[in-house]
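Take a look at the structure set out below.
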Amino acid sequence: MSEQSFAPPERLLMGPGPSHVTPRVLNAAARPTIGHLDPVFIAFMEEVKGLLQWLFRTSNRLTMPVSGPATAAMEACLVNLLERGDKLLVCRNGVFGQRMVEMAERIGAEVIVVDDDWGRAIDLNKVEESLKANPDTRVLAFVHAETSTGARSDAQALATLARRYGCLSLMDCVTSLGGIPVEIDAWGIDAAYSGTQKCISAPPGLSPVTLGARASDVIRNRKTPVQSWFMDFGLVMNYWGSEGPRSYHHTAPVNALYGLHEALLVLREQGLENVWKRHAEVSEQLRIALEDLGLSFLVPEGERLPQLNTVRIPDGIDDAEVRSRLLVSHGIEIGAGLGPLAGKVWRIGLMGESCRSESVQRCRDALASVLADTGGNRSGERRAVV
Ligand SMILES: *Cc1c(COP(=O)(O)O)cnc(C)c1O
């Protein structure tokens, strides 16, 4: 074992997260650790909550970062909103819908699944049919931006369906928040969770959550205690202080919260509308560059996410070799395909601070050079590679 400080290499992060964290945010996270019940820290927590309300576009009092990655927030939402035997409808068009199904089954919920093809948006008609057939559904859960495929679904329409059929909406906005519009209050979303390492561009390890009045009422009126002590929102909220006096629950990741706070300040300075616009514009630059290399998109136009671009790997190209060369020779990380898409697609992220024209340039040049090296013997089959 080498007993030296770890010196991570310089990488251009263009995968499905984490995204680039700027020195400004890293420096904020490096400031002195103070006690998590220090009055100064408690005032700081209030500010973090306020900034998250701003980002989620909500006035929900129950808005806070869960200590843990977005998967923890996903599980926290499900375990709080559901009791054994409750009926949950999950829209599944990728990895993260499937993850919700597995979690809900462990909770003992009755899970109804509406499947869509990987790479497509959620089909609203199928969801409505299923809600009609299952009038006792308690929660409709869906992924707004399916990072495993790059597909964007109509969150507002899904929230409206949930209301119409008398159930709560639970939205995964891990990849959408800070990249494309997310409107918790205007869309009438009851519960949503996100993550810090996608379009917020803060270090991984925290996951913002927001719950509206209807969702909080469901939690307050549970017949059985939440199975997870750590994730029991009732207890967590005593610590994050929306209800009742503040008391010790767990030690907050103090420095990670400094990082999140700074990243939220950056977003505020940039302006959300400008940030959405940058994602749209830079992804258009990437689309042109990738199509120029002869690569085609998996997701149909109109259902694509600007922050996660999924392209098919051309025949005869070695997926792992290309990604490894990009990483080792060019310092660029892109994402592999998952599940049925493994070996078939690359996922190129333009999330948060990684979403810059310079990233597109570097990625394009590196990919052109790697593709020319690894696929030189079949150049006649493709359009220009260089
Ligand atoms: C990344 C991601 C998650 C999980 O986030 P972790 O921080 O890796 O736990 C969940 N849902 C979606 C849509 C994601 O992109």
Top of HIS261, HIS249, HIS144 by mean-square fluctuation, Gaussian network on the chain, Cα under 10 Å:
HIS249
Does anyone have the angle between helix 272-292 and the longest principal axis of the chain? Alpha-carbon axes, 0 to 90°, nearest 10?
30
Tell me the angle of helix 254-270 to the major Cα principal axis of the chain, expressed in degrees between 0 and 90 and rounded to the nearest ten.
70
Given a 10 angstrom Cα cut-off, can you work out which residue in VAL266, VAL25, VAL90 is the most mobile in a GNM of the chain?
VAL266
Rank ALA70, GLY15, GLY331 by how far each Cα sits towards the positive end of the charge dipole of the chain (+1 on Lys, Arg Cβ; -1 on Asp, Glu Cβ) and give me just the farthest.
ALA70
Per q in 0.13, 0.18, 0.20, 0.21 Å⁻¹, report the Debye log10 I(q)/I(0) for region 1-125, using one uniform scatterer on each alpha carbon and no solvent.
-0.88, -1.19, -1.24, -1.27
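Let me have the relative contact order for region 127-234, percent, based on Cα pairs under 8 Å that are six or more residues apart.
19
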Against the longest alpha carbon principal axis of the chain, how many degrees, from 0 to 90 and to the nearest 10, is the axis of helix 124-133 turned?
30
Interchain or sequence-distant (5+) residues whose placed amide H lies within less than 5 Å of the amide H of ASP86 are GLU110
When the dipole is taken about the Cα centre of the chain, and only Lys, Arg (+1) and Asp, Glu (-1) are charged at their Cβ, what size is it in debye, to the nearest 20?
320
Karplus couplings for region 20-30 from phi (6.51 cos²θ - 1.76 cosθ + 1.60, θ = phi - 60°), rounded to Hz, Gly and Pro as x?
4, 10, 6, x, 4, 6, 4, 5, 4, 5, 8
Cα-only Debye scattering, region 272-374: base-10 log of I(q)/I(0) at q = 0.23 Å⁻¹
-1.35
GNM flexibility winner over the chain from ALA213, ALA72, ALA162 (Cα, springs under 10 Å)
ALA213
A 27 angstrom limit on the alpha carbon distance is what I want to check against. Which of LYS126/LYS223; LYS87/LYS126; LYS87/LYS277; LYS87/LYS198 exceed it?
LYS126/LYS223; LYS87/LYS277; LYS87/LYS198
Amide hydrogen neighbours beyond the local backbone of GLY349, cut-off 5 Å, H modeled
GLY15, ASN309, GLY335
Can you list residues whose amide H is under 5 Å from SER169's amide H, if they're 5+ apart or on another chain and H is modeled 1.01 Å from N?
LEU140, ASP190, ALA191
Hull shadow area, averaged, the chain [alpha-carbon convex hull, nm²]
20.2
Under the helix-only model (-39500 (n - 2.57) for each DSSP H run of 4 or more, divided by the residues of the chain), the mean residue ellipticity at 222 nm, to 500 deg cm²/dmol, is -12500 deg cm²/dmol
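Every number here is computed from the coordinates shown, using simple stated rules; none is lab data. The shown structure was predicted, so the numbers you read here are calculated from the model rather than taken from an experiment. Heads up, the Cβs are rebuilt from the backbone with ideal geometry, glycines too, and the neighbour counts pull from every protein chain shown.
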